[in-house]
């Protein structure tokens, strides 16, 4: 069976962010979301020279760096919101999968902004993901001390 490097990288995302969700919830028991965001940024700074030791920021165009900066701002805002949701009582088992539906926005905007097409089968998968997110967001009322 042939698989591309991108598929293996997707699995690495799955494993890394899966572990991240647990570590974020553990951190939120002891520190604020704002403090955790600063430590997350420090983690990125430690990782960069290890992975790309011979790369200079001057190797990139100003436009590429601008888009990367916008990406960083939205990434930081999203991460801060995610950690704040957990800090304010959100269960990791609900907050993480619900927030993981963010690609739905990409799928909705990609045809217009990136000129990409969505196949019907992919549309069905997206609809299933949205329904799953809706089901996760429903709080059940405890009956007889059980949830």
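The values are calculated or read from the model by the stated rules, or taken from the named source; none is laboratory data. This structure is a prediction, so every number in the text was calculated from the model and none was measured. Heads up, the Cβs are rebuilt from the backbone with ideal geometry, glycines too, and the neighbour counts pull from every protein chain shown.
Overview of results
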| quantity | calculated |
| --- | --- |
| Failed item in (1) assigned to a helix (DSSP H, G or I); (2) surrounded by 14 or more Cβ atoms within 10 Å (Cβ to Cβ); (3) free of Cβ contacts under 8 Å to residues at least 60 places away in the same chain, with residue 86 passing the rest | (3) |
| Filter pass, residue 75 being more than 21 Å from residue 90 (Cα to Cα) and under 14 Å from the mean Cα position of the chain (by Cα) | no |
| Qualifying positions in the stretch 53-80 - at pLDDT below 85 and more than 21 Å from residue 106 (Cβ to Cβ) | 53, 54, 55, 56, 57, 58, 59, 60, 65 |
| Failed item, numbered, when residue 80 is tested on (1) in a helix (DSSP H, G or I); (2) out of contact with any helix residue (DSSP H, G or I) (no Cβ under 8 Å at 6 or more places or on another chain); (3) closer than 28 Å to residue 129 by Cβ | (2) |
| Residue 37 vs. criteria in contact with a helix residue (DSSP H, G or I) (Cβ under 8 Å, 6 or more places away or on another chain), outside the structural domain of residue 132 (by TED's automatic domain parsing), over 30 Å from residue 140 (Cβ atoms) and surrounded by 14 or more Cβ atoms within 10 Å (Cβ to Cβ) | yes |
| Scan of the stretch 10-25 for residues that are modelled with pLDDT of 80 or more and farther than 17 Å from residue 85 by Cα, ordered by number | 12, 13, 15, 16, 19 |
| Residue 115, sole failed condition from (1) on the phi < 0 side of the Ramachandran plot; (2) in the same structural domain as residue 139 (by TED's automatic domain parsing); (3) in a loop (DSSP other than H, G, I, E, B) | (1) |
| Unmet requirement for residue 105, which otherwise passes all of (1) in a helix (DSSP H, G or I); (2) loosely packed, with under 10 Cβ neighbours inside 10 Å; (3) more than 21 Å from the chain's Cα centre (by Cα) | (3) |
